[in-house]
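The structure appears below as structure tokens.
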Amino acid sequence: MTSAARTADTPRSSLDTSQRRTIALWEAGAFLWVMVAGSVLHFVYELSGFHWFAALFGSVNESTWEHLKLFFWPGLVFALVEHAFVKDYANNYWWGKGLSLLATTVGVIVSFYFYLGIVLPLYGEGTLWGAIGTGAAGVLLGSVVAYRVLTAPQRPQRFDRYGKLIMVVMAVVFLTLTYFPPKVFLFEDFLGY
């Protein structure tokens, strides 16, 4: 049964081992894509000659917030592409991807400040590799969340609408706060390495 034919009253059956493996490979690919594309986005604003459009997707300074964009946008693009390949058997697709992007963002924030809470008192500064590691931890968390939700039993259709809503709200917030950052610690332009 295709996803178009499925209704809220006809839940999907359980995934077989091959389908689970395929989803696991897609989520491993998501991890690699987000890490590589995010690294490229780190420099796109400067390489563009500080163009306003590049500022929407790339890091405009060294604040935590600007680095979160480097994980969100590649994750969103990957979710849109992946959907075409796994939509016929992945459960809760948009719900899983919305939660994944949210988990990545929260995971990066928590791991980064936990890391700084340890290294700053001990060494006075962090390292580039430590900062990259905290980003990888957040992206890994997001990939694990996506896999768990996409392979879980099918939830009611409204959960996919919630996932889409999470993604839209996050996109609007990232686009808006690039140009109108509040005066809170996430937006401070500071080097953690």
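The values are calculated or read from the model by the stated rules, or taken from the named source; none is laboratory data. If you're wondering where the values come from, they're calculated on a predicted model, not measured in any experiment. Note: ideal-geometry Cβ built from the backbone for every residue, glycine included; neighbour counts use all protein chains shown. Just the protein is used for accessible areas: all its heavy atoms, side chains included, with ligands, DNA and RNA removed. Shrake-Rupley method; radii C 1.70, N 1.55, O 1.52, S 1.80 Å.
Between the listed residues Phe112, Leu140, Pro153, the Cα displaced farthest toward the positive end of the dipole of the stretch 96-192, a dipole computed from Cβ unit charges relative to the Cα centre, is found at Pro153.
Extent of the stretch 94-176 along its three principal axes (Cα atoms, max minus min coordinate, largest first): 50, 31, 15 Å.
Counting Lys +1, Arg +1, Asp -1, Glu -1, what net charge surrounds Gly163 among other residues with beta carbon under 11 Å of its beta carbon?
Details: positive: Lys97, Arg155, Arg158, Arg161, Lys164; negative: Asp160.
Local net charge: +4.
Choose one answer from Asp16, Asp88, Asp160: the residue with the largest mean-square fluctuation in a GNM of the chain with alpha-carbon springs under 10 Å. For the chain, modelled as a Gaussian network with Cα springs under 10 Å, the answer is Asp16. Taking Cα atoms only, the orientation of helix 17-47 departs from the longest principal axis of the chain by about 30 degrees.
Go through the stretch 42-127 and name the chymotrypsin sites (Phe, Trp or Tyr not before Pro) that are in a DSSP coil and have 12 or fewer other Cβ atoms within 10 Å of their Cβ. If you can, show how the numbers build up before the last one.
Values: sites: Phe43, Tyr45, Phe50, Trp52, Phe53, Phe57, Trp65, Phe71, Phe72, Phe78, Phe85, Tyr89, Tyr93, Trp94, Trp95, Phe112, Tyr113, Phe114, Tyr115, Tyr123; in loops: Phe50, Tyr89.
Qualifying residues, ordered by number: Phe50.
The stretch 61-92 and the stretch 170-190 have Cα centres separated by 19 Å. Taking the chain as the reference, fit the longest principal axis to its C-alpha atoms, fit the long axis of helix 64-86 to the helix C-alpha atoms, and give the angle between the two in degrees, 0 to 90, nearest 10. Compared with the principal axis, the helix lies near 20 degrees. The accessible-area ordering, largest first, of the residues Lys69, Lys164, Lys183 stands as Lys183, Lys164, Lys69, per a 1.4 angstrom probe. Eigenvalues of the alpha-carbon gyration tensor of the stretch 119-164, scaled by 5 and square-rooted, set the equivalent ellipsoid semi-axes at 36, 10, 8 angstrom, largest first.
In percent, how large is the relative contact order of the chain, given Cα pairs closer than 8 Å and 6 or more residues apart?
Over the chain, the number comes to 31 percent.
Evaluated with a Cβ-only charge set (Lys, Arg +1; Asp, Glu -1), the chain carries a dipole of roughly 800 debye about its Cα centre, given to the nearest 20. Accessible surface of the stretch 102-159, 1.4 Å probe: 73 percent of it comes from carbon and sulfur atoms.
Summing Lys, Arg as +1 and Asp, Glu as -1, what charge do residues with Cβ under 13 Å from the Cβ of Leu186 carry, Leu186 excluded?
Values: positive: Lys69, Lys183; negative: Glu62, Glu66, Glu188, Asp189.
In short, -2.
Between helix 93-123 and the chain there is an angle of about 30 degrees, using the helix long axis and the longest principal axis of the Cα atoms. Using heavy atoms of the protein chains and a probe of 1.4 Å, the accessible area assigned to His42 is about 40 Å². When the chain is treated as a Gaussian network with alpha carbon springs shorter than 10 Å, the biggest mean-square fluctuation among Glu125, Glu66, Glu82 belongs to Glu125.
With N as its number of residues, the chain has a Cα radius of gyration that, divided by 2.2 N^0.38 Å, comes to 1.10. Look at the dipole of the stretch 3-120 built from charges on Cβ: of Ala79, Ser39, Trp65, the Cα furthest out on the positive end belongs to Ala79.
Taking a probe of 1.4 Å, how large is the accessible area per residue of the chain, in Å²? Walk me through the numbers before you get to the answer.
On the way: 10610 Å² over 193 residues.
For the chain, the per-residue accessible area is 55 Å².
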